[in-house]
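Asker: This is the structure I want to talk about, given as structure tokens.
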């Protein structure tokens with residue numbers, strides 16, 4: 001039991017840069033670059049859901065306290081709704097991109 005607790009504490013203490021999959025900001029789709037700029041400039045955001053808490057229920061991002069992550073819509077050309085693309089921002093200044101509605105993420109690097 002102590003070993004499990006120690007391992008859990010270690011995992012929770014890992015910095016966000018331990019995330020394995022990455023994408024350079026310059027390589028993002030144009031719409032994702034626009035969303036990233038809006039996030040960095042505090043909006044205005046085109047969707048009312050933008051800035052909502054992202055719960056990380058699937059635990060695909062580094063584990064953090066509830067409320068640590070916020071999600072933002074990346075416009076999808078041709079989509080009649082918000083589409084599947086998002087950027088998730090962490091309170092530590094890190095950003096993650098998903099183009100498959102949270103099934104996978106890539107850490108965005110400048």
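The values are calculated or read from the model by the stated rules, or taken from the named source; none is laboratory data. As the structure is a prediction and not an experimental result, all values here were calculated from the model. Quick reminder, even Gly has a Cβ in these numbers, built from the backbone with ideal geometry, and neighbours come from all protein chains shown.
Residue by residue, here is whether (1) within 13 Å of the chain's Cα centre (by Cα); (2) farther than 13 Å from residue 88 by Cα holds:
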| residue | (1), (2) |
| --- | --- |
| 32 | yes, no |
| 41 | no, yes |
| 49 | no, no |
| 53 | yes, no |
| 56 | yes, no |
| 62 | yes, no |
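Asker: Kindly indicate the residue of segment 64-81 that is under 16 Å from residue 35 (Cα atoms) and at pLDDT 95 or above and also farthest from the chain's Cα centre (by Cα) among those meeting that condition.
Answerer: If we take residues in segment 64-81 being under 16 Å from residue 35 (Cα atoms) and at pLDDT 95 or above, then 75 is farthest from the chain's Cα centre (by Cα).
Asker: Now, a different point. Considering only segment 18-81, give the strands (runs of 3 or more DSSP E) lying wholly within it that have at least 1 residues that are free of Cβ contacts under 8 Å to residues at least 24 places away in the same chain.
Answerer: 52-54, 69-73
Asker: Only one of 51, 93, 55, 83 is out of contact with any strand residue (DSSP E or B) (no Cβ under 8 Å at 6 or more places or on another chain) and surrounded by fewer than 18 Cβ atoms within 10 Å (Cβ to Cβ). Can you tell me which?
Answerer: Selected residue: 93, the only one of 51, 93, 55, 83 that is out of contact with any strand residue (DSSP E or B) (no Cβ under 8 Å at 6 or more places or on another chain) and surrounded by fewer than 18 Cβ atoms within 10 Å (Cβ to Cβ).
Asker: Right, here's the next one. Looking only at segment 83-96, decide whether some residue is under 10 Å from the mean Cα position of the chain (by Cα) and part of a loop (DSSP other than H, G, I, E, B).
Answerer: yes
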